[in-house]
1. Quick check on packing: order 187-200, 140-153, 219-232 by the mean number of other C-beta atoms within 10 Å, highest mean leading.
2. Please give the per residue accessible area of region 172-267, computed with a probe of 1.4 Å over protein heavy atoms only, in Å².
3. Report THR14's accessible area, 1.4 Å probe, all protein chains in place, as a number in Å² to the nearest 10.
4. Roughly how tilted is helix 114-123, in degrees to the nearest 10 and between 0 and 90, from the longest Cα axis of the chain?
5. Accessible area per residue, 1.4 Å probe, Å², for region 1-121: what's the number?
6. With the full set of protein chains in place, find how many percent of the accessible area of region 4-85 is carbon and sulfur; take the probe as 1.4 Å.
7. Hey, got the dipole for the chain? About the Cα centre, +1 on K and R Cβ, -1 on D and E Cβ, debye to the nearest 20?
8. Considering only DSSP beta bridges with both partners in region 100-248, what is the antiparallel share in %, to the nearest 5?
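The values are calculated or read from the model by the stated rules, or taken from the named source; none is laboratory data. Bear in mind the structure is a predicted one, so any value in this text is a computation, not a measurement. Methodologically, a virtual Cβ is constructed for each residue, glycine included, from the backbone with ideal geometry; neighbour enumeration extends over all protein chains shown. Surface accessibility is based on the protein's heavy atoms, side chains included, excluding ligands, DNA and RNA. Shrake-Rupley method; radii C 1.70, N 1.55, O 1.52, S 1.80 Å.
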Amino acid sequence: MSNLRRLDLNLLVTLDALLTEHNVTRVAEKLNFSQPSISVHLSKLRDIFDDPLLLPGPRGMLPTAKAESLREPLRVALSALESVVAPTKPFEPITAKNTWTVSAADYSESTVVLPVLTGLRSVAPNTRLSVIELAPAKIAKQLEMGEIDIAFHVSDEASPELHRKTLFSERYVLAGRQGHPQLSPAITPAQFCALDHVIVSPSGGGFCGVTDDALEQAGLMRRVVLSVPHFLFVKSVLASTDLVAMLPLRLAVASPELQYIEPPLAIAGYEMSMLWHERSHRDPAHRWLRDFIARSV
């Protein structure tokens, strides 16, 4: 370790060149140093390694046994250092073998991950994608620790310490089964409240949401008779019963078994964002994936 503290990287570059050329003049020309500078380097190297390293010979300088023993490990070490300080290579999706991990709720699986998949398999066929269940309270830590690469979550619940890109804005519509007798475009707030509603509660068991906040401000209350954790189940419930639900428009449009109308009062929508940590912000592969997702949804 004491020798490392004394070592100038240029000395190792000089030693590597001397072991190749066996000639101070050629090494000076090759490294763009003066001959006296190369001689000074060699003197320092002899002191560090406590060995002459190169001796005068009839056809240039001859490496000592110590110098010969250094030749291969020195070449490997310099090669490794070259790769460390080399400019970052651009990401090549067609040959890449990355495995990416993203976290998503079932809504963003349908509206973000699914639209991305076909194109991703086409342009980056050797990559892999792992989708894990979204845990909103853990997003920042998971991204910081590298457990996930990207999270898809609503913007107003995103941690301010994370990078984000808004993917799209979403609004709610009132949805029910095809042929539902009470889903009329002329539905009144009172009729809306009299319907049997199902609500998605990601945290589990909740019976209130943004719709109920809007109704409360208008002095109204609806009948919420079922609370479930996932939108996928809601769609099945709606298709087979007379229950209704406030669904994100993208899900309603993609569900031919359902019909939908505008609700009779204004309900706040939300923005869906892609979130990532500073640790991966400048990584070429990660940047490519983020750009690809943003173009695909």
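1. Ranking, from highest mean packing down: 140-153, 187-200, 219-232.
2. I get 50 Å² per residue for region 172-267.
3. 0
4. 30
5. Computed with neighbouring chains in place, this is 62 Å² per residue.
6. Reported share for carbon and sulfur atoms: 55 percent.
7. Dipole about the Cα centre, nearest 20: 920 debye.
8. Bridges in region 100-248 that DSSP calls antiparallel: roughly 25 percent.
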